[in-house]
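Structure record follows, encoded as structure tokens.
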Amino acid sequence: MIALPLLGAAILLVGGKATDTFGPMMAVALSWASFAIGLGVIIQLAGMPGEDRALSVPLWDWISAGELSLSAGLLLDPLSLTFVMLITFVGSLIHVYSLGYMEHDPDKRRFFAYLNLFIAAMLILVLADSYLLLFVGWEGVGLASYLLIGFWNHNPEFASAANKAFIVNRIGDVGLITAMAVLFANLGALDFSTVHGEAETLGQGTLLAVGLLLLLGACGKSAQFPLQSWLGDAMAGPTPVSALIHAATMVTAGVYLVARSQAIYDLTPDARLGVVIVGTITLVYGAIVGCAKDDLKKALAASTMSQIGYMMLAVGLGPLGYLYAIFHLVTHGFFKAGMFLGAGSVMHGMNDQVNMRGFGNLSAKMKTTWITFGAGVVAIIGVPFTSGWYSKDFIIETAFIDQGEGAWRPWVFGGAALLAAGVTAFYMVRLFLMTFHGKARWADDVDPHESPLTMTVPMIILAVGSIALGALLYPTGILSGWLDPVFGHEEHPEPVIPVIVIQVLAFILLLLGAGLAYLMYQRKDVPKTAPEGTFVTQAARRDLFQDDFNEIFLRKPGQGIVDITSAADRDVVDGGLVAKTAGAVSALSSALRKTQTGFARSYAMTMLIGTAVIVLAVLVMQ
Amino acid sequence: MTDFPWLTTLLLIPAIGGAGVALLPKGFERVREVALGISLLTLVVGILTAFQFELGGGGDSQFQLTEVYSWIPQFGVSYALGIDGISLTMILLSVVLVPICLLAAWEDVPLGHARRQHGYFALMLILEAFMIGVFAATDVFMFYVFFEAMLIPVYFLIGSFGGPGRAKAATTFLLYSLLGGLIMLVAVIGVYFQGPGGADGFLIENLTGLEISTWIERALFVGFFIAFAIKAPMWPVHTWLPHAASEARPATSVLLVGVLDKVGTFGMIRFCLQMFPDASRWATPVVMVFAVLSILIGAALAIGQRDMMRLIAYTSISHFGFIVLGIFAVTTVSQTGSTLYMVNHGFTTAALFLIGAMLVQRRGSQDIFDFGGWQRVTPLVAGSLLVAGLSGLALPGLNSFVSEFMVIIGTYQNYPVYAVVGTMGVILAALYILLMYQKIATGPKPQEWSATPDMSLREKFVVAPLIAAFLVLGFYPKPVLDVLEPAVDTTLQYVGVSGSGSDEASAPDDASDTTEGSDD
């Protein structure tokens, strides 16, 4: 399953130009083959009783020294296979879409090589049976993400965006590495079964440390506060990449990590509180930023942050939330990937513009894109009985449950999640109306047109999923039946306010948000240049000053340190110390030159002394 | 065949071969082919030697394939060779890298200028012989002789064949090394007088496990350690390296940084830890601080560099910090990680220097700001540079990751604080590598260079084995680890740790107790 796309990447990168003709098709085929294998395994496992539904596949003895013995192996259980399905299915659709989207790019082969590499790395990430192998996939997807964000790196800004993504992720990786160091020092193992089996033997402090360090890693990969700054810039990558990596799959790896480490988080409520806080801050943050962005892709990116914030909130809620987090992750994978592909389709028809103020009334020109995008919007804002309604409302309801850890918690976290849902409705409807409705604001030289079938068919499939997947998976009990062996079945206590009230409130907020957007962006004309806006709008446009913060508090001081060290190295260590030594040596050699008198008798004298010393030394030694 | 003098043979092939190359007639045109042939023969014999090495073999002796002859009995000096897992891997690293370097240096010196080509290739072969000797020596004095002898070919390789600032670079290199060497010589003589003396008094086995009074032991430790720290090099005695690396020919830099500098870290394990365990424990806190400083300052300096070769040299200082950190953390995991790192770093640095040099040679400048967009000019060279860089920033799946990870988690067992601070180097590594790559390879395609040829067949033969080594050591380091671990365990026994880290969490306290005890 992993080997096939990996092989594809290798062939395309090493094979060079020879593979230009068949390369992209081969990449697509290998991705589908990977999906087929995954589906085969699922069908096989689904027939087994719950507790047997996990396959361990040991691969090889990787690192062993002393008490460190790490073997590489795979773990196929319902959780990892759920991801496998999402990754390979959505991934393969996006491969197909890219055939159309990247058709005219001269570097198409390299693009498909990176896509295959990404699929392989992501599969390693979810199928690994140890934290260490997970980390291989973890950095592997980071590499693929770096390469793809910087795919058009002839634009220096895009190259910087790629660097930023990798480097911010590295900060998270330090968390993961350190977490592994703590686990290893205490348990002497890094494989999931040992670590999770023996987690109870760890002290509270250790558990908290591990939980928070893993959370740091998750924040980096999933663009959660405070490591969220890279995701907006990551939109520099080709749009299929944004759909696959920066919406549907890679950015959800943090959620996977926390869900996979449930044995640790279950034991440390404090670390879980950390997860909940991070999720809540990000879901609010993303929603606010999403309201102000005029760049279609960046608005979607902010929305992704916000939605992953919901998932983080859900996994942080513990056993009650895991199932819903994964559920939302899957449905979000469909509707957000669908919307990104729609955005790509719009850009394809609009000469790669992304400013929504230059769009408008595209519904007339791009019917399929309009409808499929609409399906995504309906799902994400949670219109009843769509996929997003099922998965998101469950998270909000769970957040309102008082788990006996402080009466303020359900009100704060549930309330934030509920209100942000209203904001979500506002920014998504705003985005939809600005792009597809209102007066046409595009320039005269643009000729919007619908995209080819290779692009629209994947969009249609994802749109169907956005609407129907929730109803298919949840009320039928398929998802819970499949995942319960991993997460265990938990009876849900009643939230602090009745479920029906929450649902009604959510619906009212949805109407309010959507209505407000309708009033602002449909009834009134959208100006082509952005109005100055209030302080809040300006702040949100600037991502609530996160980059300014990073610039002032991280990059500038960092640059200062580098400059000072460099100067010190040049002037003090090298210049002072070494120059003085060199000076001393030349003084010494001048002095020595005086001994080179040229008189044979003084040379003879020196030789005599030397010989005497050697003879003396020999005598002493004996 | 056990009596066959494998190590002497291995030593003599490049030594005699190098002399032979130097003596080839002036008009002879195939100097390079002959030199490459000799280095390949050395490689084959090196591999055969490795097959003579038995895992867990050697019986009571620390070393295998030993050869001991009396050399200068009056001074207690023996001609003694032998290898354990660590020296074996370092020798193999040397014999693998030399042919690659010769191939990379193919066009460095044109034929016909007063036998300069003869001299250049001969010096590299002779350097190879000395490198094998220094790792195989099991007599402290003989080690010292090789340690100093290595300076001669390197001095000429830099001073005669280097760039415009070669004279200063070669002198700085020589002065630093001689300073370290002199201090070590004092310590070498000093340790002899602490030992049993006699005709074989300099053999390592006779100098291990001595009862030395605390302060003398510490003084001797410091004598050896300073020499090795200069060699390694650690901050703040590192400044000769960037000069040397930026002025030397890339192939020389590879041998200098990739192999020669490892003598420093090798010496710390073999001599500092093994002969002076108590003093090592006493010095550990200071050494750890300097190791962490090397990691961080080396990385910060790398970020601030414009000269590609200096930048790569500074990354090495950061990596050497990790190696030293792992050595002095004295857990099986960390020290095996460090010794593996020594191998990995050899390959990574070789790739960075050699591929970087391919770009420098095409562009005619070492300033990374003179580049930009080269991914679209020479995609293969730029892509290989990225792979080498990723190995340098320890991307999982490539070689360096395994060793860096082992160093970090192994060090954490005993010294969590140093480990965590050192881990910051992971972020900095991403910065220096990616910023360098960004400046060199990304950006608009420079039209004036668009006709530059991409990687030639010869260059592919240089790069391919290195990248293959990245992947093999990244995914299947087990054979190398199996060779290294017993040797590391032996060292740890001398230091007095059983090797199991988590039980030794209080090692620093124990160490201070011990030293206080021996003061009385």
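Counting only heavy atoms of protein chains, what accessible area per residue, in Å², does the range B:99-220 have with a probe of 1.4 Å?
Result: 35 Å² per residue.
Select from A:Val423, A:Met347, A:Thr178 the residue farthest towards the positive end of the dipole of chain A; place +1 on Cβ of Lys and Arg, -1 on Cβ of Asp and Glu, and compute about the Cα centre.
A:Met347
The range B:53-99: which residues show an accessible-area loss of 30 Å² or more, assembly versus chain alone, 1.4 Å probe?
B:Gln74, B:Phe75
Apply the Karplus parameterisation 6.51 cos²θ - 1.76 cosθ + 1.60, with θ equal to phi minus 60°, to every residue of the range A:138-154 and state each ³J(HN,Hα) to the nearest whole Hz, in sequence, with x for glycine and proline.
4, 6, x, 5, x, 5, 4, 4, 4, 5, 7, 4, x, 4, 9, 6, 5
Taking a ≥ b ≥ c as the square roots of the Cα gyration tensor eigenvalues, with a/c under 1.5 meaning rounded and otherwise prolate when a/b beats b/c, else oblate, which class fits the range A:22-131?
Values: a/c = 3.35, a/b = 1.55, b/c = 2.16.
Oblate, because a/c is 1.5 or more while a/b does not exceed b/c.
Take every Cα pair under 8 Å in chain A that's 6+ residues apart, average their separations, divide by the length, and report that relative contact order as a whole percent.
Numbers: 977 pairs, mean separation 76.7, N = 622.
RCO, chain A: 12 percent.
Considering only protein heavy atoms and a probe of 1.4 Å, how much of the accessible area of the protein assembly as shown is carbon and sulfur, as a whole percent? Walk me through the intermediate numbers first.
Numbers: 26650 of 39740 Å².
Whole-percent figure for carbon plus sulfur exposure: 67.
Accessible area drop of at least 10 Å² (1.4 Å probe, protein heavy atoms): which residues of the range B:441-470 qualify, relative to the chain alone?
Residues passing the criterion (a loss of at least 10 Å², heavy atoms only) are B:Thr442, B:Gly443, B:Pro444.
Taking every Cα atom in the range A:358-446, find the radius of gyration and the maximum pairwise distance Dmax, and write them in Å.
Cα-based Rg and Dmax for the range A:358-446 come out at 17.8, 62 Å.
Mind ranking A:66-76, A:421-431 by how tightly packed they are, going by the mean number of other C-beta atoms within 10 angstrom, highest first? Present the calculation step by step, with values, prior to reporting the outcome.
Values: A:66-76: 20.3, A:421-431: 25.4.
Final packing ranking: A:421-431, A:66-76.
Going down the table (A:Lys221/B:Lys439; A:Lys298/A:Lys524; A:Lys297/A:Lys336; B:Lys262/B:Lys478; A:Lys336/A:Lys392; A:Lys367/A:Lys439), which pairs top 18 Å between alpha carbons?
Working: A:Lys221/B:Lys439 25 Å; A:Lys298/A:Lys524 23 Å; A:Lys297/A:Lys336 11 Å; B:Lys262/B:Lys478 21 Å; A:Lys336/A:Lys392 14 Å; A:Lys367/A:Lys439 16 Å.
In this structure, A:Lys221/B:Lys439; A:Lys298/A:Lys524; B:Lys262/B:Lys478 exceed 18 Å between Cα atoms.
Search the structure for amide H atoms under 5 Å from the amide H of A:Ile401, placed 1.01 Å from N in the peptide plane, and list their residues when 5 or more places away or on another chain.
For A:Ile401, whose amide H was placed from the backbone, the distant partners under 5 Å are A:Val496.
List every residue whose amide H lies under 5 Å from the amide H of B:Gln64, counting only residues 5 or more places away in sequence or on a different chain, with H placed 1.01 Å from N in the peptide plane.
Excluding prolines and chain starts, which carry no amide H, the hits are B:Ile83, B:Asp84.
Suppose we compare each residue of the range A:60-83 in its chain alone and in the full protein complex with a 1.4 Å probe; which ones drop by at least 30 Å² of accessible area?
Those are A:Trp60, A:Asp61, A:Trp62, A:Ile63, A:Ser64, A:Ala65, A:Gly66, A:Glu67, A:Leu68, which lose 30 Å² or more relative to the chain on its own.
When only Cα pairs under 8 Å and 6 or more residues apart are kept, what is the percent relative contact order across the range B:42-92?
Worked out over the range B:42-92, it gives 33 percent.
On average, how many beta carbons from a partner chain sit within 10 Å of the beta carbon of a residue in B:395-405?
Numbers: counts 6, 14, 8, 2, 0, 0, 5, 5, 1, 1, 9.
Mean shielding by partner chains, rounded to a whole number: 5.
Shielding of B:191-201 by partners, i.e. mean partner chain Cβ atoms within 10 Å per residue? Could the numbers behind the result be given before it?
Working: counts 0, 1, 1, 0, 0, 0, 2, 2, 2, 0, 1.
Counting Cβ atoms of other protein chains within 10 Å of each residue's Cβ and averaging gives 1.
For the range B:87-100, just list the computed ³J(HN,Hα) in residue order, Karplus coefficients 6.51, -1.76 and 1.60, θ = phi - 60°, integers in Hz, with x standing in for Gly and Pro.
Here the 3J(HN,Hα) series is 5, 4, 5, 5, 5, 4, 4, 4, 6, 6, 6, 4, x, 4 Hz.
Give the long-range amide H neighbours of A:Trp62: residues separated by 5 or more places, or on another chain, with amide H under 5 Å away, using H modelled in the peptide plane at 1.01 Å from N.
Amide H to amide H, under 5 Å and 5 or more residues apart or across chains, A:Trp62 pairs with A:Leu70, A:Ser71, A:Ala72.
Below 8 Å, C-alpha to C-alpha, sequence gap of six or more: please give me the relative contact order for chain B in percent. Don't jump to the answer; show the numbers that get you there.
Working: 910 pairs, mean separation 79.0, N = 520.
After rounding, I find 15 percent.
Any idea of the accessible area per residue across the range B:1-53, 1.4 Å probe, to the nearest Å²?
In whole numbers, the range B:1-53 has 53 Å² accessible per residue.
Using the basic label-point model (7 angstrom from Cα toward the beta carbon), what is the A:Val615 to A:His492 distance in nanometres?
So the label points at A:Val615 and A:His492 sit 10.2 nm apart.
Which order do peptides B:342-355, A:397-410 fall in by mean Cβ count within 10 Å, highest first? Walk me through the intermediate numbers first.
Details: B:342-355: 28.5, A:397-410: 17.3.
Going by the mean number of other Cβ atoms within 10 Å, highest first, we get B:342-355, A:397-410.
Would you mind checking the tilt of helix B:399-414 against the longest principal axis of the Cα atoms of chain B, expressed as 0 to 90 degrees and rounded to 10?
Tilt relative to chain B: about 30 degrees.
If you rank B:Trp235, B:Trp215, A:Trp411 by how much accessible surface each has, with a 1.4 Å probe, what is the order from largest down?
On the way: B:Trp235 60, B:Trp215 160, A:Trp411 135 Å².
Ranking B:Trp235, B:Trp215, A:Trp411 by accessible area, largest first, yields B:Trp215, A:Trp411, B:Trp235.
Would you mind giving the total buried accessible surface between chains B and A, with a 1.4 Å probe and ligands, DNA and RNA left out, rounded to the nearest 100 Å²? The partial results should precede the final answer.
Numbers: alone 18910 and 25770 Å², together 39740 Å².
Approximately 4900 Å², summed over both chains.
What accessible area per residue, rounded to a whole number of Å², is obtained for the range B:372-416 using a probe radius of 1.4 Å? Intermediate values should be presented prior to the final figure.
Working: 610 Å² over 45 residues.
On a per-residue basis, 14 Å².
Test of understanding: what is the full-extension gain from A:Gln403 to A:Leu516, defined as 0.36 nm times their sequence separation minus their Cα-Cα distance? Show your work: numbers first, answer last.
On the way: separation 113, 0.36 × 113 = 40.68 nm, distance 3.48 nm.
My answer for the length gained is 37.2 nm.
Looking at chain B from every direction and averaging, what is the projected area of its Cα convex hull in nm²?
Numbers: hull surface 90.5 nm².
Its Cα hull, projected and averaged over all orientations, spans 22.6 nm².
For peptide A:156-165, what's the mean number of Cβ atoms from other chains within 10 Å of each residue's Cβ?
Working: counts 7, 0, 2, 10, 4, 0, 4, 8, 1, 0.
Average neighbour count from other chains, rounded to a whole number: 4.
Toward the positive end of the charge dipole of the protein assembly as shown, about the Cα centre and with charges on Cβ (Lys, Arg +1; Asp, Glu -1), which of B:Met275, A:Gly23, A:Val168 goes farthest?
Working it through, the farthest residue towards the positive pole turns out to be A:Gly23.
Does the range A:340-490 come out rounded, prolate or oblate by the C-alpha gyration tensor, with a ≥ b ≥ c the root eigenvalues, rounded set by a/c under 1.5 and, if not, prolate when a/b is larger than b/c and oblate if not? Kindly include the intermediate steps, with their values, before the conclusion.
Values: a/c = 3.56, a/b = 1.83, b/c = 1.95.
Oblate, because a/c is 1.5 or more while a/b does not exceed b/c.
Between the range B:73-130 and the range B:428-480, what is the C-alpha centre distance in whole Å?
25
Residue by residue through the range A:234-245, which ³J(HN,Hα) values in whole Hz follow from phi under the Karplus form 6.51 cos²θ - 1.76 cosθ + 1.60 (θ = phi - 60°), with glycine and proline marked x?
Running phi through 6.51 cos²θ - 1.76 cosθ + 1.60 with θ = phi - 60° gives 5, 5, 5, x, x, 4, x, 5, 4, 5, 6, 8 Hz.
The values are calculated or read from the model by the stated rules, or taken from the named source; none is laboratory data. As the structure is a prediction and not an experimental result, all values here were calculated from the model. Please note: Cβ atoms are built from the backbone with ideal geometry, for glycine as well, and neighbour counts cover all protein chains shown. With ligands, DNA and RNA removed, areas are computed over all heavy atoms of the protein, side chains included. Shrake-Rupley method; radii C 1.70, N 1.55, O 1.52, S 1.80 Å.
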